[in-house]
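Following: one structure in structure tokens, then a few remarks.
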Amino acid sequence: MAASRPWRVCVGFVLLACVILPPPALAQSPGSRAEALAAEQEEKSRNLQPYKRNIFERRLLEIEEAGGFAVVRGPFVTFGDIKQSSGVALGPAYGKLFDNGSVLIAKGAYSIRNFKMVQLSAAAPPIARGRVTLGGRVRWQDAPQLAAYALGQESPRTRADFSEARSELSAQVEARPIKFLRLGAGAGYERYDTGGAQTNRSSVEDLFTPAEMPGIAADPDYVHTFVSAGIDSRPGTGYSRSGTLLQASLHDYRQQNTGPYSFQRVDGIARQLIPILHGNWVLDLSVRTSSTTVDAGQEVPFFLLPDLGGSGELRGYSAYRFRDRHSIIFTGEYRWYVQEFVDMALFYDAGKVTSRRGDLDFNRLKSNVGLGLRFHGPQTTLLRIEVARGDEGLRLIFGFSAPIR
Amino acid sequence: MNPINLRSSCRRGTQVAAALAAVCAATVILPAQTRRAPTFYHDDPVTTAVDSQDASNVESRELSLYYDAIINLFGRPGKPQVERAASVNTIDEVPDSSWFVNRAGSKPLTSEEVLRGPDDDRGPAEGTWMVNWKSNGVSPGFTITDSAGKRYFIKFAPPREPELGTATEVIVTRLFHALGYHVPQANISMLRPADLVIAPDARARTRTGGTRPMNRSDIDEQLSRAHRNPDGTYRVVAGSGLPGRAIEGFKYEGTRPDDPNDVIPHEDRRELRGLRVFSAWVNHTDAKAINSLDTVVTDGDRSHVRHHLIDFNAALGSAGIGKRERRDGYEYLADTGPAKRALLAFGFYIRPWMTVEYPSYRGVGRFEAERFEPETWRPRVPNPAYVRSRADDTFWAARKLLGMTDELVRAAVRAGRLTDPQAEEFLASALMERRDKIGRVFLTRVNPIADPALAADGTLKLVNPAVQYGFAQAPAGYRAVWHRFDNATGEVSSLGESDGDADALRAPSGLPTEAGSFLRVDLSAVSDAHPSWKAPVHAYFRRGADGWRLVGFDRMPDAPAMKPGTVGAEPIRK
């Protein structure tokens with residue numbers, strides 16, 4: 001009986017405590033929904049923080065404030081290729097945008113195949129409400145290993161290598177005076193320095209004679225001028241799903257140092273993009289020709305001859321696989337929408353090079369079929385990953401621009 | 001010492017110790033039990049959520065469009081689990097707040113009110129318009145001060161589309177205001193270049209991000225990018241400036257860390273989850289952080305943040321600078337499912353949007369109702385609030401939307417001042433048809449019982465909006481399971497069951513009669529066509545002096561654990 005007394009006291013005190021002691025937590029509990037919400041807000045007010053961006057958001061905001069990805073400003077990374085067969089190149093770049101709209105860009109790049117490039121380019125502010133654009137550049141590029149095959153359509157697959165360094169100072173103007181009409185002109189000084197390549201393949205001088213391969217070891221300096229005119233109804237030159245392009249350009253390469261390598265080249269393109277199902281399917285049909293002419297006693301150096309093969313033309317063949325004085329290539333592509341900014345393409349290329357213009361016909365064309373994935377912007381092709389098969393095997397292609405521009 | 005006394009002393013010591021321990025236990029344990037907040041407070045359901053703290057120190061912040069798009073396309077910002085919306089009151093409604101004000105579907109609206117929009121402003125006064133600022137965005141525009149000294153944001157129409165973007169902006173502004181969102185006033189106006197005068201202190205943004213004095217060529221450059229009418233005027237949207245200090249927009253996830261009143265993660269706000277339904281209605285595919293605007297407004301001695309939706313010219317059939325992309329509303333910018341199929345099918349996987357035909361009315365663009373599918377509609381970029389929308393969120397929104405009668409829809413469309421009467425008629429009809437499609441989907445896929453009312457005599461009446469609007473056949477009957485509810489502990493005890501129709505469900509005998517007592521009634525519908533209606537809603541009533549009052553409502557009390565889904569919330573599969 002006595003032993004239970006402490007618990008009686010205990011229970012008594014508990015009851016007393018419950019009655020007379022204000023439960024501390026209960027005293028602070030809200031008495032209404034409004035108070036509950038206010039308490040939550042008051043608690044936050046004691047721990048306010050400024051908004052903090054993470055580094056990714058900060059960097060993206062800087063790009064936006066600079067005008068977006070399309071406007072280069074400040075340091076950035078340049079990515080792409082330097083020249084056909086250079087492989088992927090990467091390098092630092094710096095852009096400066098001026099208040100009047102002119103742009104200055106300096107960049108350098110180095111490729112996985114040891115190609116190098118340094119360039120300073122400038123674009124003047126748009127003239128006549130953007131109908132006229134004016135630009136220029138100073139560029140040096142070094143291609144230590146380029147392919148050379150015997151000239152002609154039926155050349156054997158024996159490859160020789162050569163190196164080519166090229167310096168250029170040029171300016172060009174493009175005008176769109178009326179809708180769809182595109183006019184262009186440009187002039188520049190170009191210096192070529194060619195020679196043997198430091199590779200385990202034969203050097204071009206070892207495999208070919210100057211008669212077989214004009215311009216071997218030639219280092220011509222040119223004043224290169226060109227004019228072009230065309231009808232272009234495509235919404236964008238780098239990527240489009242509809243429109244027509246009919247364009248011709250005339251180039252004159254006037255050698256400045258001693259040598260018989262002055263020539264002219266005429267390029268022509270006819271291209272029709274046929275949108276189907278509101279542009280979700282596109283048939284892209286084109287024919288392109290290049291033709292060179294020389295005065296008596298002059299020649300076209302082999303490294304400036306029209307060529308087929310590589311990532312842009314006759315994709316089932318290696319870069320520069322076919323060279324000669326004239327070329328023609330037909331391309332048919334069927335592209336389909338995968339999702340925004342991504343297309344797939346099934347393509348067929350057929351073309352030939354010839355020594356006589358009269359031989360540019362449909363006979364004995366080299367051809368390939370291929371399949372590719374395209375990443376693009378509204379008017380620009382950013383990356384092509386393609387597989388093409390010709391009668392010399394299967395090729396994997398990485399391209400950083402549209403195959404036809 | 002006497003052993004007995006010692007014993008007694010020891011016993012007394014034990015008693016004192018036990019008493020102290022008991023007092024401690026009483027002060028610690030018992031309050032802990034009573035600390036549990038009641039389920040319902042005396043002021044439930046609240047109709048207004050008050051911002052109680054001063055927010056005058058909230059600072060402006062710039063938001064990145066790119067970051068917002070990338071993080072939402074390829075990430076899943078916000079909480080990983082989806083729970084019931086946190087901004088609703090106890091009867092599952094969104095109270096009026098700095099985010100939302102109940103209008104359509106909550107109170108009678110007139111077509112004059114809808115036509116009027118957020119305020120009585122009718123656009124800039126005629127006379128000289130002083131240009132203060134030139135924007136540098138995709139759409140050309142100015143900030144002007146009119147002859148009456150009022151400030152406006154002027155947006156132009158793109159070339160060849162004089163009515164599409166401008167009408168869209170004004171119409172959707174009216175609709176979203178009527179639906180309950182804070183929006184700036186917008187009106188169609190006509191600009192005469194000769195009326196424009198550059199303000200002495202006018203600045204223009206340079207391409208490098210700086211500013212410089214504005215000159216006439218800045219105006220000409222803007223006008224050159226806009227549609228010019230044959231008489232030399234320009235049709236523009238004149239947007240009124242919002243009251244208060246602008247501090248940029250809100251994100252659709254998380255809270256603003258420097259706003260003391262912003263305590264509910266935005267992805268858990270019903271008014272933002274439900275925005276998915278309203279956006280689907282008007283094809284507003286561009287609801288993102290930078291298309292919102294927070295302002296600090298002062299009421300009396302306290303400032304708080306008001307949250308606005310802005311920029312509606314990329315809605316209906318417009319993309320702002322032209323007709324919208326056909327894909328808009330059907331796929332995200334990056335949508336892996338259809339992309340995979342398209343990749344493998346050589347283009348012969350025909351997506352639904354590829355075959356949609358649009359009418360060619362002037363000012364309508366790519367907008368139609370026939371192929372519209374409310375449940376699969378999606379914006380350009382996943383929205384953290386939309387992907388968390390549950391069936392109770394979309395039900396709430398659909399019911400609000402059905403408050404937009406034909407008359408109100410026509411009034412809003414009239415505000416767009418389309419010049420082709422057939423275009424106006426088509427647009428209004430398409431909006432009505434889309435509204436009804438939304439109702440048919442979102443009012444029927446969850447138990448639609450709403451607005452239960454319990455009379456003092458024990459007769460329970462309820463509303464079934466799915467039936468009320470003609471989207472479903474009336475169910476065979478309704479069932480009520482009655483419980484006494486303990487507001488302090490949340491415990492229930494059964495009182496019985498009853499069956500009946502929507503107008504008369506009789507309570508079993510023995511309902512409590514004392515004021516302050518609570519009932520929980522589990523209500524379900526018997527419908528073979530709609531098995532989901534068997535899942536009961538919970539309605540809570542409190543007994544007052546004059547009868548029973550609805551104080552609580554949960555449409556999905558037994559909802560499974562959910563996660564953000566592709567379009568809306570999805571159950572977590574174990």
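All but one of (1) surrounded by 15 or more Cβ atoms within 10 Å (Cβ to Cβ); (2) touching a Pro at 6+ places or on another chain (Cβ under 8 Å); (3) of a type outside the set (D, E) hold for A:G351; state the number of the condition that does not hold.
(2)
Can you pull out the residues in the stretch B:455-505 that are touching a residue at least 24 places away in the same chain (Cβ under 8 Å), of a type outside the set (V, I, T), under 28 Å from B:R36 (Cα atoms) and touching a strand residue (DSSP E or B) at 6+ places or on another chain (Cβ under 8 Å)?
B:W482, B:H483, B:R484, B:F485, B:D486, B:N487, B:L495, listed by residue number.
Can you find, within the stretch A:76-99, the residue that is least open to solvent (accessible area, probe 1.4 Å) among those that are in a loop (DSSP other than H, G, I, E, B) and more than 14 Å from chain B (Cβ to nearest Cβ)? Lay out the reasoning, then the answer.
Here is the first cut: in the stretch A:76-99, the ones in a loop (DSSP other than H, G, I, E, B) are A:81-88, A:98-99.
Checking which are more than 14 Å from chain B (Cβ to nearest Cβ) leaves us with A:81-88.
Numbers: A:D81: 74, A:I82: 17, A:K83: 47, A:Q84: 47, A:S85: 35, A:S86: 0, A:G87: 20, A:V88: 48 Å².
Applying the filter and picking the extreme gives A:S86.
Filtering the stretch A:184-206 down to residues that are more than 24 Å from A:V294 (Cβ to Cβ) and of a type in the set (D, E, K, R), which residue is most open to solvent (accessible area, probe 1.4 Å)? Give the derivation first.
Filtering the stretch A:184-206 for residues more than 24 Å from A:V294 (Cβ to Cβ) gives A:196-203, A:206.
Going one step further and asking which of them are of a type in the set (D, E, K, R), we end up with A:201, A:206.
On the way: A:R201: 98, A:D206: 122 Å².
Step by step, filter the stretch A:184-206, then rank; the result is A:D206.
Which residues, taken from the stretch A:114-129, are surrounded by fewer than 18 Cβ atoms within 10 Å (Cβ to Cβ) and more than 14 Å from every other protein chain (Cβ to nearest Cβ)?
Hits for the stretch A:114-129 are A:N114, A:V118, A:L120, A:S121, A:A122.
Table: residues versus (1) touching a helix residue (DSSP H, G or I) at 6+ places or on another chain (Cβ under 7 Å); (2) at pLDDT 95 or above; (3) surrounded by fewer than 17 Cβ atoms within 10 Å (Cβ to Cβ).
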{"position": "B:N57", "(1), (2), (3)": "no, no, yes"}
{"position": "B:Q81", "(1), (2), (3)": "no, no, yes"}
{"position": "B:A85", "(1), (2), (3)": "yes, yes, no"}
{"position": "B:I91", "(1), (2), (3)": "no, yes, no"}
{"position": "B:G105", "(1), (2), (3)": "yes, no, no"}
{"position": "B:P108", "(1), (2), (3)": "no, no, yes"}
{"position": "B:E112", "(1), (2), (3)": "no, yes, yes"}
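Applying the selection to the stretch A:387-397, what residues are touching a residue at least 24 places away in the same chain (Cβ under 8 Å) and surrounded by 14 or more Cβ atoms within 10 Å (Cβ to Cβ)?
A:A388, A:R389, A:G390, A:E392, A:R395, A:I397
Please tell me if B:I198 is open to solvent by 30 Å² or more (accessible area, probe 1.4 Å) and touching a strand residue (DSSP E or B) at 6+ places or on another chain (Cβ under 9 Å).
Considered against the rule, which asks whether it is open to solvent by 30 Å² or more (accessible area, probe 1.4 Å) and touching a strand residue (DSSP E or B) at 6+ places or on another chain (Cβ under 9 Å), B:I198 comes out as yes.
Do the conditions hold for A:G152, that is, is it of a type outside the set (A, V, I, L, M), open to solvent by less than 20 Å² (accessible area, probe 1.4 Å) and either more than 22 Å from the chain's Cα centre (by Cα) or more than 26 Å from A:G310 (Cα to Cα) (or both)?
Judged against the criteria, A:G152 is a match.
Considering each residue of the stretch B:327-350, count those that are facing chain A (nearest Cβ under 8 Å) and either in contact (Cβ under 8 Å) with a residue 60 or more places away in the chain or closer than 30 Å to B:A423 by Cα (or both), and give that number.
Residues meeting the conditions: 5.
Which one of A:K44, A:K52 is within 9 Å of chain B (Cβ to nearest Cβ), exposed (fewer than 14 other Cβ atoms within 10 Å of the Cβ) and in contact with a Pro (Cβ under 9 Å, 6 or more places away or on another chain)?
A:K52
Which condition from (1) modelled with pLDDT of 95 or more; (2) acidic (D, E); (3) over 24 Å from the mean Cα position of the chain (by Cα) is the one that B:E373 breaks?
Answer for B:E373: the failing condition is (3).
Residue check: is B:A428 within 18 Å of B:H284 (Cα to Cα), surrounded by 23 or more Cβ atoms within 10 Å (Cβ to Cβ) and not assigned by TED's automatic domain parsing to the domain that holds B:P512?
So B:A428 fails the test.
Can you tell me which residue among A:E168, A:E164 is in contact with a Leu (Cβ under 6 Å, 6 or more places away or on another chain) and either open to solvent by 30 Å² or more (accessible area, probe 1.4 Å) or closer than 29 Å to A:S203 by Cβ (or both)?
Result: A:E164 is the single residue among A:E168, A:E164 that is in contact with a Leu (Cβ under 6 Å, 6 or more places away or on another chain) and either open to solvent by 30 Å² or more (accessible area, probe 1.4 Å) or closer than 29 Å to A:S203 by Cβ (or both).
Is it the case that the stretch A:17-33 has a residue that's surrounded by 13 or more Cβ atoms within 10 Å (Cβ to Cβ), on the phi < 0 side of the Ramachandran plot, modelled with pLDDT of 90 or more and at the interface with another protein chain (Cβ under 7 Å from one of its Cβ atoms)?
Looking for residues that are surrounded by 13 or more Cβ atoms within 10 Å (Cβ to Cβ), on the phi < 0 side of the Ramachandran plot, modelled with pLDDT of 90 or more and at the interface with another protein chain (Cβ under 7 Å from one of its Cβ atoms), one finds at least one in the stretch A:17-33, hence yes.
Any residue in the stretch A:261-275 that is modelled with pLDDT of 95 or more, in a loop (DSSP other than H, G, I, E, B) and open to solvent by 20 Å² or more (accessible area, probe 1.4 Å)?
Yes, the conditions are met somewhere in the stretch A:261-275.
Give me the residue from the stretch A:352-405 that is in a strand (DSSP E or B) and hydroxyl-bearing (S, T, Y) and, out of that set, farthest from the chain's Cα centre (by Cα).
A:T354
Provide a single number: the residues in the stretch B:402-428 that are of a type outside the set (D, E), more than 13 Å from B:V170 (Cα to Cα) and part of a loop (DSSP other than H, G, I, E, B).
4
Against the conditions (1) in contact (Cβ under 8 Å) with a residue 12 or more places away in the chain; (2) within 13 Å of chain A (Cβ to nearest Cβ); (3) within 24 Å of B:L519 (Cβ to Cβ); (4) open to solvent by 20 Å² or more (accessible area, probe 1.4 Å), where does B:D43 fall short? Just the number, please.
It is condition (1) that B:D43 fails.
Has the stretch A:276-284 got at least one residue that is of a type in the set (D, E) and open to solvent by less than 50 Å² (accessible area, probe 1.4 Å)?
yes
Report the residue count in the stretch B:321-330 for those that are of a type in the set (D, E, K, R) and open to solvent by less than 10 Å² (accessible area, probe 1.4 Å).
Of the residues in that region, 3 qualify.
Could we say that A:T209 is without any contact (Cβ under 8 Å) to a residue 40 or more places away in the chain, among the polar types (S, T, N, Q), out of contact with any Pro (no Cβ under 9 Å at 6 or more places or on another chain) and surrounded by fewer than 17 Cβ atoms within 10 Å (Cβ to Cβ) here?
Here the answer is yes, as A:T209 does meet what is asked.
The values are calculated or read from the model by the stated rules, or taken from the named source; none is laboratory data. What you are looking at is a predicted structure, and each value in this text was computed from that prediction instead of being measured. Note that each Cβ is placed from the backbone with ideal geometry, even for glycine, and that neighbours are counted across all protein chains shown. Please note that ligands, DNA and RNA were not included when accessible areas were found on the heavy atoms of the full protein model with its side chains. Shrake-Rupley method; radii C 1.70, N 1.55, O 1.52, S 1.80 Å.
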